[in-house]
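Taking it in order: structure first as structure tokens, then the write-up.
Bear in mind that the values in this text are calculations on the coordinates, not laboratory data. Note that the coordinates shown come from a computational prediction; the quantities given were computed from them, not determined experimentally. Ideal geometry is used to build each Cβ from the backbone, glycine not excepted, and the neighbour counts take in all protein chains shown.
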Amino acid sequence: PLVTSKEIFQKAYDGKYAIGAFNVNNMEIIQGIVDAAKEESSPLILQVSAGARKYANPHYLKKLVEAAILDTNLPIVLHLDHGDSFEICKQCIDDGFTSVMIDASHHPFEENISIVKKVVEYAHDKGVVVEAELGRLAGIEDAVNVSDKDATFTNPDEAAEFVERTGVDSLAIAIGTSHGAYKFKGEPNLDFERLETISKLLPNFPLVLHGASTVLPEFVDLCNQYGGDIPGAKGVPEDMLRRAAQQGVCKINIDTDLRLAMTAAIRKSIIEDPKNFDPRKYLGAGRTAIKDMVKHKIANVLGSSNTI
Ligand code: G3H
Ligand code: 13P
Ligand code: ZN
Ligand code: NA
């Protein structure tokens with residue numbers, strides 16, 4: 001069934017594991033992720049960005065997720081990723097999403113609070129849960145020293161006040177991750193001290209880690225080997241994700257690893273089989289790569305296998 005993340009997060013919090021939130025853009029991506037979760041008996045968050053809605057058409061994505069549920073009977077959360085306004089959140093809630101993110105983190109603190117409050121009010125009235133964000137995800141050039149960190153990373157006291165005043169159901173925090181395939185120039189490093197402080201101030205409250213792809217070298221290498229050009233890509237090491245999952249992080253967002261797995265497999269398939277022109281062959285290879293990668297994440301990194 002389509003579910004909210006309420007009970008799923010409570011179990012993940014207590015069990016010190018995390019649920020993967022995977023970005024979906026088309027049928028093969030959805031099928032690969034869902035097949036993996038089914039084989040691992042894991043709950044699943046499928047998240048849709050504004051860009052995904054534009055690419056695939058909201059109706060198609062919703063029906064594809066419904067088909068996945070018909071097919072597997074898995075508990076799936078359908079989540080809006082990075083909603084940037086009350087309007088898009090409302091639209092998704094009215095469309096049957098069970099969870100929305102209102103990302104007003106680029107606004108000043110008080111404005112962020114008032115936008116989130118408005119979404120929470122509308123969502124809770126319809127039984128939908130809300131994720132918000134406080135702090136700014138560091139880009140590769142940001143946060144090189146302590147004062148930069150204080151300016152961009154989530155302030156723990158503000159986080160506690162923010163949750164209290166908004167009534168939000170989960171909070172995305174900035175502790176050094178960033179979106180995309182180039183997360184660190186030097187050694188990967190997250191501010192675990194800050195995470196610990198935040199989670200102590202917010203006991204029994206689910207935190208969310210965006211920009212949490214590992215940028216698996218295996219797929220970067222395959223892309224480069226088969227004609228790609230993505231040098232120097234680097235992500236969050238798996239042991240850091242395991243550690244975060246034990247410190248109150250219940251939702252770990254993964255998009256880049258899906259993109260890399262699918263692209264690597266499609267590049268390989270097309271180049272190794274130049275006579276093929278049946279899209280099912282290379283898209284099928286992409287789907288299989290996604291499935292294998294997601295199974296690995298669920299079983300070996302997130303720790304959510306057999307928790308349904
Ligand atoms: O946070 C961004 C996600 O990776 C979604 O990316 O906006 O290109 O769909 P997108
Ligand atoms: P990655 O780019 O690390 O996969 O992060 C995805 C994300 O945070 C989507 O909201
Ligand atoms: Zn994100
Ligand atoms: Na957790």
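Side notes on the structure shown:
- Karplus-derived 3J(HN,Hα) values for the stretch 63-75, using 6.51 cos²θ - 1.76 cosθ + 1.60 with θ = phi - 60°, are 5, 5, 5, 4, 5, 5, 6, 4, 6, 10, 6, 6, x Hz; glycine and proline are entered as x.
- Residues 184, 219, 192, ranked from the fewest to the most other C-beta atoms within 10 Å, line up as 192, 184, 219.
- Loop-located trypsin sites (Lys or Arg not before Pro) in the stretch 1-91, at most 14 other Cβ atoms within 10 Å (DSSP): 16
- Amide H within-cut-off set for residue 177, under 5 Å, with H built and near neighbours excluded: 138
- Each Lys and Arg Cβ is given +1 and each Asp and Glu Cβ -1; about its Cα centre, the chain then shows a dipole of about 840 debye.
- Among 91-100, 145-154, sorting by the average number of other beta carbon atoms lying within 10 angstrom of each residue, highest first, gives 91-100, 145-154.
- Rounded to 10°, Cα long-axis angle of helix 27-40 versus longest principal axis of the chain: 80
- Using the Cβ of residue 39 as centre and a radius below 9 Å, the other residues enclosed give a net charge of +1, where K and R count +1 and D and E count -1.
- Counting only residues at least eight positions apart within a chain, or on another chain, the aspartates and glutamates with an alpha carbon under 17 Å from that of residue 200 are 14, 157, 158, 161, 164, 169, 191.
- Legend: distances between Cα atoms for 63/126; 117/234; 38/297; 11/234; pairs beyond 24 Å are 117/234; 11/234.
- For the stretch 129-190, with +1 on Lys and Arg beta carbons and -1 on Asp and Glu, the positive-most of 135, 181, 171 along the dipole: 181
- Helical mean residue ellipticity (222 nm; -39500 (n - 2.57) per DSSP H run of 4+; nearest 500) of the chain: -15500 deg cm²/dmol
- Global geometry of the stretch 81-227, whether rounded, prolate or oblate, following the gyration tensor of its Cα atoms and the 1.5 cut on a/c: oblate
- Label separation (residue 7 vs residue 146): 4.7 nm, computed from points 7 Å beyond Cα along the C-beta direction.
- Contact order relative to length of the chain, as percent, for alpha carbon pairs under 8 angstrom and 6 or more apart: 24
- Taking amide H positions as modeled 1.01 Å from N, with prolines and chain starts lacking one, the residues under 5 Å from residue 80 and 5 or more places away or on another chain are 48, 99, 100, 101.
- Ranked 101, 293, 240, 27, criterion: other C-beta atoms within 10 Å, fewest first: 27, 240, 293, 101
- Cleavage-rule hits (chymotrypsin sites (Phe, Trp or Tyr not before Pro)) in the stretch 226-308: DSSP loop, at most 16 neighbouring Cβ within 10 angstrom: 277
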